[in-house]
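A.B. asks: Supplied in structure tokens, the structure appears directly below.
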Amino acid sequence: MTALGFLYPGHSGEDDYPRIEQLLGSDIRVDLVHTDIGEDAHRVDALLEMGAPARLAAGVEQLRLSGAEAVVWACTSGGFVHGWDGAQEQVRALATAAGLPASSTSFAFAHAVRELGVRRVAVGATYPEDVARLFAEFLTAAGLEVVAVRSSGIVTAAEVGTWGEADVLALARAADQPDAEAVLLPDTALHTAAHIPALEKELGKPVLTANQVTVWEGLRLADRRVNAPELGALFTREPLVQV
């Protein structure tokens, strides 16, 4: 049994995690601990506070007691809003507090894109424009080329959590560009686990979503690989050969 630990802010799209656990169809356990969200706002100051060390550290002990082998901060905007260097420091502090390998959803996107062997991506963000652009800057710092950014201008995770399949598909279509090799849908408040095959069929290319890459990142930290086609191209690829 491989136990993965996730720190998830508040309550919006967290039911993606038991769904993903079921779709993995293996001896993988997904443990979720909810952190205090503070103010529910996709605004830079609120996001910086959401990912503050004290808020993350508060949930760490519960994950340790669960037997988690790795921990991931399951929040995209609460990571990249700190910038590349700040997000790295956030993860280092989390690893120290947990005594476990650690990462965040923001880095999960960067690692997952590399896993797919692509470089040019389009972003479909639920966030306001300024926050969406910060995600694009984070991806650029990771060495990726962001060919398009689509912002939906939504301020709260609570509203994002109400979106259904039609809304998610519309966002992905609006974000996609012919020269994008993959489409990225950040925001762990967005329910996407049930829609990934439909998204990839519609766009004809890999689609990476926040909760999907977060669990994949936990598996990567635990040195586990699971073939799960219902979770998209990311979960069906062989490891890339590093040259």
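Bear in mind that the values in this text are calculations on the coordinates, not laboratory data. The shown structure was predicted, so the numbers you read here are calculated from the model rather than taken from an experiment. Please note: Cβ atoms are built from the backbone with ideal geometry, for glycine as well, and neighbour counts cover all protein chains shown.
A.B. asks: For the chain, what does the helix formula give at 222 nm: sum of -39500 (n - 2.57) over DSSP H segments with n ≥ 4, over the residue count, nearest 500 deg cm²/dmol? Mind dumping the intermediate values first?
C.D. replies: On the way: 11 runs with 109 residues, N = 243.
The per-residue figure over the chain is -13000 deg cm²/dmol.
A.B. asks: Still on this model: Which residue fluctuates most in the GNM of the chain (Cα springs below 10 Å): 217, 202, 115?
C.D. replies: Sorting by GNM fluctuation, first place goes to 202.
A.B. asks: If you plug each phi of region 78-94 into the Karplus form 6.51 cos²θ - 1.76 cosθ + 1.60 with θ = phi - 60°, what whole-Hz ³J(HN,Hα) values come out, in order, with x for Gly and Pro?
C.D. replies: x, x, 5, 5, 7, x, 4, 5, x, 5, 5, 5, 4, 5, 4, 5, 5
A.B. asks: Taking 0.36 nm per intervening residue step and subtracting the Cα-Cα distance, what contour gain separates residue 58 from residue 114 on full extension? Show your work: numbers first, answer last.
C.D. replies: Working: separation 56, 0.36 × 56 = 20.16 nm, distance 3.16 nm.
Extending this stretch completely gives an extra 17.0 nm.
A.B. asks: At 7 Å along the Cα-to-beta-carbon direction for both residue 130 and residue 36, put a label point, then send me their distance in nm to one decimal.
C.D. replies: Between residue 130 and residue 36, the simple spin-label model gives 2.5 nm.
A.B. asks: Separation between the residue 236 and residue 44 pseudo-spin-labels, each 7 Å from Cα along Cα→Cβ, expressed in nm?
C.D. replies: 4.1
A.B. asks: Once you place label points 7 Å from the Cα toward the Cβ at residue 27 and residue 226, how far apart are they in nm?
C.D. replies: A separation of 1.3 nm, rounded to one decimal place.
A.B. asks: Rank by packing, highest mean first: peptides 86-98, 162-174, with packing defined as the count of other Cβ atoms within 10 Å averaged across residues. Before the final figure, lay out the partial values.
C.D. replies: On the way: 86-98: 17.7, 162-174: 15.9.
Highest-to-lowest ranking by the protection proxy: 86-98, 162-174.
A.B. asks: On to the next question. With a 10 Å radius around each residue's Cβ, average the other Cβ atoms per peptide and rank 191-200, 176-185, highest first. Before the final figure, lay out each step's value.
C.D. replies: Details: 191-200: 21.0, 176-185: 19.4.
Final packing ranking: 191-200, 176-185.
A.B. asks: With a 10 Å Cβ neighbour count serving as the proxy for reagent exposure, in which order, fewest first, do 26, 103, 151 appear? Walk me through the numbers on the way to the answer.
C.D. replies: Details: 26 14, 103 23, 151 20.
Listing 26, 103, 151 from fewest to most nearby Cβ atoms yields 26, 151, 103.
A.B. asks: Taking Cα Rg over 2.2 N^0.38 Å straight from the coordinates, which label in [x] 1.08; [y] 0.91; [z] 0.97 is the correct one?
C.D. replies: Derived directly from the coordinates: [y].
A.B. asks: Kindly give Rg over Rh for region 117-209, based on alpha-carbon atoms, with the Kirkwood expression for the hydrodynamic radius.
C.D. replies: Numbers: Rg = 12.2 Å, Rh = 13.0 Å.
Reported Rg/Rh, Kirkwood definition of Rh: 0.94.
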